[in-house]
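Below: one structure, written as structure tokens.
The values are calculated or read from the model by the stated rules, or taken from the named source; none is laboratory data. Worth saying up front: this structure is predicted, and the values here are computed from it rather than measured. Methodologically, a virtual Cβ is constructed for each residue, glycine included, from the backbone with ideal geometry; neighbour enumeration extends over all protein chains shown.
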Amino acid sequence: MRYLDASNIEKIATGASLLGAGGGGAPYIGKMMALSAVAKYGPVKLLSLDEIDDEDVYMPAASMGAPMVLTEKFPKGDEFARAFNRLGNYLGTKIAGTFPMEAGGVNSMVPIVVAAQSGLPLVDCDGMGRAFPELQMTTFHLGGVAATPMVVTDEKGNLSIIETITDKWSELLARDQVVEMGASASVCLYPSTGQQMKANGVDGIITKCERLGEIVHQAHPDHDQQLAAIQALTHGYHLFDGKIIDISRDTRAGFDYGKMTIDGLNTFEQQSMVIEFQNENLVAYRDGKMVTCVPDLICLADMDSLVPCTSESIKYGKRIAVLGLPADQRWRTPAGIDTVGPRYFGYDFDYQPLEKINTEVQA
Amino acid sequence: MKYRLGIDVGGTNTDAVILDEHLQVINSIKVHTTADIESGIYAAMHQVIQQAKIAPQQITHAMLGTTQCTNAIVERKHLAKVGVIRLAYPASVAIVPYTAWPTSMVKVLSGKYEIIHGGSEYSGQPISAFDENELKKVLDKWQGQVEAIAVIGVFSSIKPEQEVRTAQLIKQQYGDDFPVSLSATIGSIGLIERENATILNAALDKVMRRTADGFTQSLVQEGVKNAQTYLCQNDGTLMSIDYAKAYPILTIGSGPTNSIRGAAYLAKVKQAMVLDIGGTTADLGVLVNGFPRESSIAVQVGGIRTNFRMPDIVSIGLGGGSIVRENSTGEITVGPDSVGYQIEEKALVFGGDTLTTTDIAVRLGQAKVGDPEKVAQIDLAFAKRAAAKIKAMLENAIDQMKTSRDAVDLVLVGGGEIIAPTELAGVRQISRNPQGPVANAIGASIAQISGDFEKIYSYEKVQRERALKEAEKLANQQAVAAGAKATSLSLVDVNETPLAYAPGKTTKVRVKVVGDLA
């Protein structure tokens with residue numbers, strides 16, 4: 001057990017933004033909410049998975065909807081207290097604490113806000129180990145934990161509890177309610193027992209984000225050493241350094257689709273990389289050869305400072321470093337690949353683990 | 001003959017020019033920028049009028065581009081006590097106003113805020129009912145304790161009416177002259193950043209009154225009694241004194257903008273990249289249809305994150321006085337430190353002991369200043385390597401400002417322009433001009449007046465054509481309010497940005513019109 005204060009939060013936000021793999025929303029609002037909450041209520045207690053009881057029920061907290069709306073209309077602050085209270089009554093149990101469902105700029109921060117306000121502990125795990133666009137794309141879903149009963153609530157006090165037959169239905173019904181509530185709302189989903197979290201959670205993700213943030217934010221940065229430290233921590237590969245020379249975007253059905261082309265720099269001179277994304281980065285090709293694909297992470301950072309960037313903020317001329325990180329093992333099972341593999345996103349090829357493709361390069 | 005007087009305050013120098021009615025430069029002057037800024041302005045004004053030998057009453061227009069607002073924010077001086085009213089409750093309470101501001105700044109501004117009922121959803125529906133009595137209670141409480149008020153409504157760029165009504169009620173209670181800043185007129189989408197910009201605008205009220213009144217009075221003292229006076233905005237256009245008092249924040253960033261505009265005017269181009277090399281830094285901007293391209297990301301002002309309109313400028317630590325060194329591994333470094341305005345004492349060519357970029361330029365025969373004998377001992381291969389470094393730094397900055405791989409035309413100005421090579425990768429042609437060093441003051445004096453209107457429309461509710469017409473009409477009204485001649489207005493830019501994720505063909509419409517001085 002340990003406590004998280006403002007300086008921990010700064011680091012976690014940066015690390016989570018890297019694991020957002022190009023998506024996960026703009027980290028600024030999330031971070032500001034978390035910083036405001038700990039300034040008002042004090043530090044947040046963080047428990048590791050082995051410190052929680054198997055029988056206790058924990059409730060993940062997240063923000064759902066249009067990222068643009070969240071920059072203009074953000075929560076009141078008591079949404080989750082109400083949600084936890086009502087859902088606790090509904091389930092006939094007390095909610096013991098909270099945890100994030102995804103590691104991304106916004107939703108890594110929301111549970112910290114909840115923990116600060118409620119005084120409940122935060123648990124060091126999540127349900128993705130990265131960011132993904134849809135609600136059923138979680139390791140809990142893979143493990144057979146249902147997304148519902150799920151709470152959708154807004155700042156005005158409207159609240160609904162949804163029960164559905166599949167997690168895909170939860171996505172559909174919740175998405176509709178969120179739009180009616182002003183296209184951005186607070187949600188609690190995948191209520192889980194300690195035992196389910198131990199079986200399905202991505203263990204230690206908050207600490208991992210914090211370590212990543214610490215590497216990026218160090219006072220006397222040494223680029224090569226930072227890059228090596230990130231790779232060592234994530235078992236990742238430095239896929240590319242280069243300059244964005246082209247970016248195209250298209251918004252369809254509430255998602256941001258696009259493609260960026262990068263001209264190589266440093267040791268990648270004379271090479272070229274193409275990355276395709278749907279909110280999050282999906283596939284990276286170097287000189288026409290696929291080098292990483294979903295569910296493995298394709299992460300972007302400023303080439304010099306290594307501060308993570310979202311695909312939303314990429315523009316021509318930006319110099320970036322591209323990192324490939326292996327996804328959590330559960331995403332690499334047949335069920336995981338069915339849920340978030342290249343074919344789910346419309347690609348006509350099979351998933352290949354990143355280390356298999358890149359071993360000879362790294363060696 | 002009628003004349004124009006243009007003054008532009010920079011970090012090192014305050015420049016003044018007088019142009020005739022054909023916009024030809026009659027006289028120009030440079031004085032050192034003073035710590036209080038205003039005495040430098042008055043000195044430049046006095047000298048340029050004296051030296052031009054014209055009758056002061058023949059000056060019909062006087063323009064000032066100044067850094068007083070930026071300075072006031074950085075130094076926390078003369079700022080108003082600002083009350084912040086956010087129309088949003090119950091939304092947005094999770095992040096209150098002034099969060100993440102430097103505490104020294106919050107203290108000066110008094111840190112007062114209230115989040116009251118009101119605001120809109122993205123759809124235009126109310127979040128909660130606006131309550132005039134609730135506002136009145138806040139105003140009763142603040143009576144005599146605040147000097148300006150900033151009003152920020154959630155999604156006010158879609159529905160600005162509540163902010164306008166709030167301003168009416170404030171003026172009813174505190175008097176017509178009481179300064180009120182409305183967020184929909186200042187910033188863009190992103191509540192925190194827009195709120196911060198609105199608070200800063202409100203805080204600058206006294207600074208701008210003092211600046212504008214000081215400028216007008218000192219003109220009168222110089223005998224310039226009949227001139228229309230204007231302040232420069234950061235989009236390269238002018239605003240009347242009254243307009244400037246309402247929107248002081250728009251003067252921030254006007255310096256680089258004036259350089260870009262002046263340079264383009266000298267080079268007679270409307271699309272170009274402009275490189276302004278000074279003594280310590282090189283600023284790079286892009287001119288699109290005669291106006292500087294805007295920054296698309298949040299901009300920090302005095303450590304505060306904002307999203308009001310700012311020119312897109314890249315600044316690098318490379319100027320005519322930048323110091324050149326060779327480090328222990330044999331690598332050549334240039335800047336970011338510089339001998340600055342002491343170049344005529346410290347650079348080798350002037351008999352000093354510091355190797356600067358100017359010395360390299362003279363050694364390689366690129367420029368003829370000082371005494372070339374004094375740099376003859378610099379190893380030629382070393383000089384070439386230093387020049388290659390300078391070239392690479394400039395090419396890198398130019399590349400960062402490009403939006404495509406195509407080569408650009410570059411206009412080169414500023415006192416340090418001699419250090420630039422004659423050819424740069426990614427540049428089609430480079431143009432230089434003998435009046436380049438005072439391009440900023442020229443930019444100030446040739447400026448026109450603009451109206452710049454932004455609103456979010458749902459094209460499902462308001463037909464696109466009607467929306468564009470309405471936006472243009474409101475931009476025209478704004479230009480006239482800022483001092484433009486109504487008959488001279490023309491449309492220079494229409495920008496429609498569809499908002500991702502929001503249904504109903506929600507589109508941000510931005511219209512800019514420009515006209516002549518009334």
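Between B:506, B:497, which is among the hydroxyl-bearing types (Ser, Thr, Tyr) and either assigned by TED's automatic domain parsing to the domain that holds residue B:25 or touching a residue at least 60 places away in the same chain (Cβ under 8 Å) (or both)? Write out each step before concluding.
On the way: B:497 fails: either assigned by TED's automatic domain parsing to the domain that holds residue B:25 or touching a residue at least 60 places away in the same chain (Cβ under 8 Å) (or both).
On inspection, the qualifying residue turns out to be B:506.
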| task | With the checklist (1) touching a strand residue (DSSP E or B) at 6+ places or on another chain (Cβ under 8 Å); (2) among the β-branched types (Val, Ile, Thr); (3) without any contact (Cβ under 8 Å) to a residue 12 or more places away in the chain in hand, flag the one item residue B:14 doesn't pass. | result | (3)
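Conditions (1) free of Cβ contacts under 8 Å to residues at least 60 places away in the same chain; (2) more than 14 Å from every other protein chain (Cβ to nearest Cβ), marked per residue:
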| site | (1), (2) |
| --- | --- |
| A:248 | yes, no |
| A:279 | no, no |
| A:283 | no, yes |
| A:288 | yes, yes |
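Mind counting the residues in segment B:121-154 that are within 14 Å of chain A (Cβ to nearest Cβ) and within 19 Å of residue B:80 (Cα to Cα)?
Applying the first criterion (within 14 Å of chain A (Cβ to nearest Cβ)) to segment B:121-154 yields B:121-129, B:152-154.
Now restrict to residues that are within 19 Å of residue B:80 (Cα to Cα): B:152.
Looking only at that region, the number is 1.
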| query | Has segment A:180-200 got at least one residue that is part of a helix (DSSP H, G or I), within 14 Å of chain B (Cβ to nearest Cβ) and not hydrophobic (A, V, I, L, M, F, W, C)? | reply | yes
| said: Can you say whether residue B:157 is in contact with a helix residue (DSSP H, G or I) (Cβ under 6 Å, 6 or more places away or on another chain) and within 14 Å of chain A (Cβ to nearest Cβ), as far as the supplied structure shows? | reply: yes
| query | Only one of A:224, A:241, A:256 is closer than 30 Å to residue A:318 by Cβ, acidic (Asp, Glu), away from chain B (no Cβ under 14 Å) and assigned to a strand (DSSP E or B); which? | reply | A:241
| request: Would you confirm whether any residue within segment A:246-261 is over 30 Å from residue A:49 (Cβ atoms) and of a type in the set (Phe, Trp, Tyr)? | output: yes
| field | Residues (within 12 Å of another protein chain (Cβ to nearest Cβ) and at pLDDT below 90) located in segment B:66-108 | value | B:100
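Looking at this structure, is residue A:147 within 18 Å of residue A:23 (Cβ to Cβ) and of a type in the set (Gly, Ala, Ser)? It would help to see each step written out before you state the result.
On the way: within 18 Å of residue A:23 (Cβ to Cβ): no; of a type in the set (Gly, Ala, Ser): yes.
It is false that residue A:147 is within 18 Å of residue A:23 (Cβ to Cβ) and of a type in the set (Gly, Ala, Ser).
Taking segment B:384-401 as the search range and keeping residues that are among the small types (Gly, Ala, Ser) and in contact with a strand residue (DSSP E or B) (Cβ under 9 Å, 6 or more places away or on another chain), which one is surrounded by the fewest Cβ atoms within 10 Å (Cβ to Cβ)?
So in segment B:384-401, the residues among the small types (Gly, Ala, Ser) come out as B:386-388, B:392, B:397.
Retained after the next criterion (residues that are in contact with a strand residue (DSSP E or B) (Cβ under 9 Å, 6 or more places away or on another chain)): B:386, B:388, B:397.
Values: B:386: 25, B:388: 12, B:397: 18.
For segment B:384-401, the residue satisfying everything is B:388.
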| query | Does segment A:123-134 contain any residue that is closer than 27 Å to residue A:175 by Cβ, surrounded by 24 or more Cβ atoms within 10 Å (Cβ to Cβ), assigned by TED's automatic domain parsing to the domain that holds residue A:25 and more than 16 Å from the chain's Cα centre (by Cα)? | reply | no
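Got a number for residues in segment B:131-163 being closer than 19 Å to residue B:91 by Cβ and more than 35 Å from the chain's Cα centre (by Cα)? Steps first, answer last, please.
Here is the first cut: in segment B:131-163, the residues closer than 19 Å to residue B:91 by Cβ are B:131, B:134-135, B:138, B:150-163.
Of the ones still in play, those that are also more than 35 Å from the chain's Cα centre (by Cα) are B:131, B:134.
Final tally of qualifying residues: 2.
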| message | I want to confirm something. Restricting to segment A:144-162 and keeping residues that are part of a loop (DSSP other than H, G, I, E, B) and closer than 17 Å to residue A:60 by Cβ, which single residue is nearest to the other protein chains (Cβ to nearest Cβ)? | response | A:147
| remark: The residue that is surrounded by the most Cβ atoms within 10 Å (Cβ to Cβ), considering only those in segment A:163-174 that are without any contact (Cβ under 8 Å) to a residue 12 or more places away in the chain and assigned to a helix (DSSP H, G or I), is A:173
| query | Out of (1) over 30 Å from residue B:404 (Cα atoms); (2) touching a residue at least 60 places away in the same chain (Cβ under 8 Å); (3) aromatic (Phe, Trp, Tyr); (4) part of a loop (DSSP other than H, G, I, E, B), the odd one out for residue A:349 is which? | reply | (2)
| message | Within segment B:203-214, does at least one residue satisfy the condition of being over 30 Å from residue B:96 (Cα atoms), in contact with an Asp or Glu (Cβ under 7 Å, 6 or more places away or on another chain) and part of a helix (DSSP H, G or I)? | response | yes
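Residue by residue, here is whether (1) buried (at least 18 other Cβ atoms within 10 Å of the Cβ); (2) of a type outside the set (Lys, Arg); (3) farther than 30 Å from residue B:236 by Cα holds:
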site	(1), (2), (3)
B:355	yes, yes, yes
B:370	yes, yes, yes
B:403	no, yes, no
B:406	no, yes, no
B:413	yes, yes, no
B:435	no, yes, no
B:441	yes, yes, no
B:444	yes, yes, no
B:455	yes, no, no
| field | Tally of residues being surrounded by fewer than 21 Cβ atoms within 10 Å (Cβ to Cβ) and either within 21 Å of the chain's Cα centre (by Cα) or not assigned by TED's automatic domain parsing to the domain that holds residue A:277 (or both) across segment A:230-248 | value | 6
| request: Would you tally the residues in segment B:380-424 being within 23 Å of the chain's Cα centre (by Cα), under 16 Å from residue B:315 (Cβ atoms) and within 14 Å of chain A (Cβ to nearest Cβ)? | output: 5
| remark: Of the residues in segment B:313-334 that are buried (at least 23 other Cβ atoms within 10 Å of the Cβ), small (Gly, Ala, Ser) and part of a loop (DSSP other than H, G, I, E, B), the one that is nearest to the chain's Cα centre (by Cα) is B:319
